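All remarks here apply to the structure that follows.
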Amino acid sequence: MANPVTTTPTPTTTAATTLPVNWAIGFLKSIGAPTTQNNIDNVLRWGNAESGGSQAYGGWSNFNPLNVVTQQGDNSTGAGGAQGDIANFGDITSGVAASARLFQGNPNASGIIQTLRANGSTDQLNSAVNGFYATWGGSINLAGASPTPQNVQTTGKGIGGLIGEAILSPAAATLNVLGIKTPLDSIGAVSQFLFGDWRYVTEVVVGAAMVLLGIFLIARDTGAYGRAKHDAESAAVIGAAA
């Protein structure tokens, strides 16, 4: 078999559709498979068939399209779903690393790794994936899945995610229309970090409240009230001594 030609996928227009392609490329590189268009399309088919573009746990939005379960040291940010242990990840690097480690570390998944490294066809990958899934009674249909990158939806991001995107997306879109190129990936990442999880929202709110309380107490103790209190205490001490 001739060595497969590594290709660069055609850039997409939004950060949402770029994420699945970048995830697929990162996964292929992590398992030592060529980043051909065929391989990228097959990983996209696999991710779309497994979880699709919108899911509270796993899925493209949580950088876990293959719905791998939590593993020790995998930097997951949460776990849940129907199985109770489907991982969520905070960034693409963590999701790719955990997925590659799981499939490379499971002897039952060796057929998947070999097929991707050989730049196998969709039918070959479908057979390999279902051979692996059959070990625990599962099945999937890669042949009927779309290789088109799915838009990453807001489902699973919570109300905070919707608020963040509502604030940031219009501004980015307006600048883009005016011809001003904006780092949409960075904006999306900041939005997801700040607003994508209520834990972050809670931490930010509580932290800000504590800082404000500290500033208030310092201002009170060093301001007019603090000086008056200090003078009164000093006068009381002097009077008692006299």
| Given the conditions (1) more than 17 Å from Glu50 (Cβ to Cβ); (2) at pLDDT below 90; (3) of a type in the set (S, T, N, Q), and given that Ser139 satisfies all but one, which numbered condition is not satisfied? | (1)
| said: Every residue in region 65-80 that is surrounded by fewer than 22 Cβ atoms within 10 Å (Cβ to Cβ) and in contact with a strand residue (DSSP E or B) (Cβ under 9 Å, 6 or more places away or on another chain), please. | reply: Asn67, Val69, Thr70, Gln71, Asp74, Asn75, Thr77, Gly78, Ala79, Gly80
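What residue, among those in region 36-64 that are in a loop (DSSP other than H, G, I, E, B) and surrounded by fewer than 21 Cβ atoms within 10 Å (Cβ to Cβ), is modelled with the highest pLDDT?
Thr36
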| field | Answer from Gly81, Gly95, Gly90, Gly73 - the residue that is at pLDDT below 95, closer than 22 Å to Ala134 by Cβ and out of contact with any Cys (no Cβ under 6 Å at 6 or more places or on another chain) | value | Gly81
| note | Pairs returned, first residue in region 113-136 that is over 13 Å from Thr36 (Cβ atoms) and in contact (Cβ under 8 Å) with a residue 40 or more places away in the chain, second residue that is outside any helix (DSSP H, G or I) and among the β-branched types (Val, Ile, Thr), beta-carbon separation under 7 angstrom, 6 or more apart or interchain, are Ile113/Ile31; Val129/Ile140
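The values are calculated or read from the model by the stated rules, or taken from the named source; none is laboratory data. Values in this document were obtained by computation on a predicted structure and should not be read as measured data. Reconstructed Cβ throughout: ideal geometry from the backbone, glycine too, with neighbour counts over all protein chains shown.
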